[in-house]
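The structure appears right after this line, and notes come after that.
The values are calculated or read from the model by the stated rules, or taken from the named source; none is laboratory data. Because the structure is a prediction, the values reported are computed rather than measured. Surface areas here come from the heavy atoms of the whole protein model, side chains and all, with no ligands, DNA or RNA. Shrake-Rupley method; radii C 1.70, N 1.55, O 1.52, S 1.80 Å.
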Amino acid sequence: MKLLWVILTALLLLSQLTPGGTQKCWNLRGKCRRTCYRKEKMYVYCTNSKPCCVKFKFQPKIKRPWSL
């Protein structure tokens, strides 16, 4: 009976893992994907040549010298 519980627990834990999880990038704020989601923008490229998709709120603000 204990073996059955161990097997069921192991299967439950394995089912929670996502195969081929996305790689983190840009100070762990972005994810390497083929295409970015709607609320994300490509900021840099990852080491696997995929774009690093970063949410708008985590991207640095562009400071223009003529705007004060």
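One chain, two ends: Met42 and Phe56. Fully extended at 0.36 nm per residue, the span grows by 4.1 nm beyond their Cα-Cα distance.
Amide H contacts under 5 Å for Gly30: Cys25, restricted to partners 5 or more places along the chain or on a different chain, H placed in the peptide plane at 1.01 Å from N. Backbone geometry of segment 2-8 corresponds, through the Karplus equation with coefficients 6.51, -1.76 and 1.60 at θ = phi - 60°, to 3J(HN,Hα) couplings of 5, 4, 4, 5, 5, 5, 5 Hz, x marking Gly and Pro. Along segment 41-52 the Karplus relation, 6.51 cos²θ - 1.76 cosθ + 1.60 evaluated at θ = phi - 60°, assigns HN-Hα couplings of 9, 6, 10, 9, 9, 7, 5, 9, 6, 9, x, 8 Hz to successive residues, with x for each Gly and Pro.
Measuring with a 1.4 angstrom probe and ignoring ligands and nucleic acids, Thr9 comes out at about 70 Å² accessible.
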